[in-house]
1. So, of the residues in the range 327-349 that are farther than 30 Å from ASP360 by Cβ and of a type in the set (Phe, Trp, Tyr), which turns out to be nearest to the ligand (Cβ to nearest atom)?
2. Can you find, within the range 399-416, the residue that is nearest to the chain's Cα centre (by Cα) among those that are within 18 Å of VAL427 (Cβ to Cβ) and away from the ligand (no atom under 11 Å from the Cβ)?
3. Any chance you could count how many residues in the range 419-439 are surrounded by fewer than 16 Cβ atoms within 10 Å (Cβ to Cβ) and in contact with an Asp or Glu (Cβ under 8 Å, 6 or more places away or on another chain)?
4. Can you tell me which residues in the range 99-139 are away from the ligand (no atom under 16 Å from the Cβ), under 22 Å from MET240 (Cα atoms) and assigned to a loop (DSSP other than H, G, I, E, B)?
5. Can you find even one residue in the range 128-145 that is of a type in the set (Ser, Thr, Tyr) and over 30 Å from LEU239 (Cβ atoms)?
6. I'm told ASN299 meets every condition in (1) surrounded by fewer than 16 Cβ atoms within 10 Å (Cβ to Cβ); (2) modelled with pLDDT of 85 or more except one. Can you identify the failing condition by its number?
7. Please work out if LEU381 is at pLDDT below 95, touching a Lys or Arg at 6+ places or on another chain (Cβ under 8 Å), among the aliphatic types (A, V, I, L, M) and farther than 30 Å from PHE107 by Cα.
8. Is it fair to say ARG430 is under 27 Å from the mean Cα position of the chain (by Cα), in the same structural domain as ALA82 (by TED's automatic domain parsing) and more than 16 Å from the ligand (Cβ to nearest atom)?
Amino acid sequence: MTLEQRITNMLKVLATDDIVRLLQDTSSPVLIIIILWSILLATLAAVFFARRSKITPPPWPVVAGARPFIGNSLESIESLGAQLDIWAKMYDNEKGIFEFQLFGTRFIVPCRAETLELIMNERPFQIQRNSKLNDAIASVGGDGLFSAEGETWKSDRRLVAPALNRKNVEDYLSMINMVTGRLVEKWESETVQGGRHVVVNRDVLSMTMDIISLVAFGKDMDFLRAQGSVPVGPDLLKLMNITMMRSLSPFPYWNIPWIGQYLDGAGWPKHRLLRYFSSLVKQHESLAEEASAAASKDNHKSRTFLSKVIALRRRGNTTMSHDRLVGNLFTLFAAGSETTHVTICSCLWEIATDTTGLQDELASEAQRMKNMEKASVEELLNGFPRIRSLMYEILRIKGPTPFLGFQCKDEFSICGTKLPPSTKLMVPTRYISMQSGQTPSGPLNASASEFCARRYLLIDRGE
Ligand code: HEM
């Protein structure tokens, strides 16, 4: 007898009359609750198996061992990237696609460059970001460019992108220099004063948040020297972890009236951050009013991201609402701080554990730059090929985004199989870049699966 038949029989046995009699016979509320839960679970399982039996088996491998409701096992939400790599190694065959289940959702994984191309060619119209991730980001307050699609994305991008173009980034360099200078001073004084170690992770995260605060809204938070006293950093990190958890939840429990936002602890940090970002937007708006009343063209704040966006808005280039501007500020903070932090920490780890003289090479390259403080964006981008090569390699296989989540908008055909609208896709970018043929081997002829800090040095220019 199949499992589905057994469940159907069980439901028949528990016919309504029997349930009523059972409930009348028993005086224990615990037993009643157990019976009700069993009925609910049996019904859900019956529906689940009935639905699954209608789906014809896919022409590609399916990760084994999926359990009802939970799907395939995962050690923790944070380990999803590592787990994807393991599954990709196990299930990658000539199809270049496999699938797995997580909390009732089916995920299709294109794990070869050829299948990835089929997906990326359809961005951003047919293939869009995972709507569950978008909803989760919006639910914690980050309703901005990162989680937008279609017309909203276009209109947000018109506003946000110019403020991050090369000419405007030039304006941010002095702020970046100031904060990195503080980090160097701090680490120098800690080591000169006899300490043999510095806590890299905490300081680098403080540095990235200090830079974004200055660049985004001209506020010198100085997390680097006043650690722990400002709640923005821990609040943001907490919300980012909760976002990942929410994006995998089978239903949006955070929409339950009154208590939903607090069930996973997101409620208070979200309110604190939104209040904070909202007050910053208001401050900048009134500064812009005053500046225009005084016909003053430039002041200190006009060089920040927020003031550039507000200026664009005042010129009528966009009609972005106050709430959306707050969401975009939040987005910038969340998208920029943790990603850069992980990238820099991974670079420092590689430099510290390297045994091939990498640290000396990077130091002498940095010393060759005569006047770092006055260097232009162009000089900074092209003047450090060795540092750039290290960063590219870190981003390739040790970076903060080892996979990307998408979904198809309408029905989508891949490898001769039709995927229904809204099917979720997970792209293991790290795994794909580690396949041979996807990555230059560089002057040391490194294989794609190994880490090589010099991979992106150009051989013919002798860099
Ligand atoms: C090493 C650092 C970074 C990495 C690895 C990284 C990675 C990414 C990735 C993978 C995406 C999604 C692309 C997609 O879904 O198609 C993205 C989008 C985005 N990132 Fe970053 N990012 C980094 C730094 C930053 C910084 C510093 C900022 C701003 C201060 C930023 C702001 C954004 C924004 C606004 C988007 C949405 C862009 C759009 O949809 O048009 N990121 N980033």
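The values are calculated or read from the model by the stated rules, or taken from the named source; none is laboratory data. Just so we're clear, the structure is a prediction, and the values are computed from it rather than from any experiment. Quick reminder, even Gly has a Cβ in these numbers, built from the backbone with ideal geometry, and neighbours come from all protein chains shown.
1. The selected residue is PHE333.
2. Narrowing the range 399-416 to residues within 18 Å of VAL427 (Cβ to Cβ): 399-409, 412-415.
Next, from what is left, pick out any that are away from the ligand (no atom under 11 Å from the Cβ): 407-409, 412-415.
Working: GLN407: 16, CYS408: 19, LYS409: 21, PHE412: 25, SER413: 27, ILE414: 26, CYS415: 28 Å.
Among residues in the range 399-416 that are within 18 Å of VAL427 (Cβ to Cβ) and away from the ligand (no atom under 11 Å from the Cβ), the one nearest to the chain's Cα centre (by Cα) is GLN407.
3. So the count comes out to 2.
4. Across the range 99-139, the qualifying residue is only PHE103.
5. no
6. It is condition (2) that ASN299 fails.
7. So LEU381 passes the test.
8. It is false that ARG430 is under 27 Å from the mean Cα position of the chain (by Cα), in the same structural domain as ALA82 (by TED's automatic domain parsing) and more than 16 Å from the ligand (Cβ to nearest atom).
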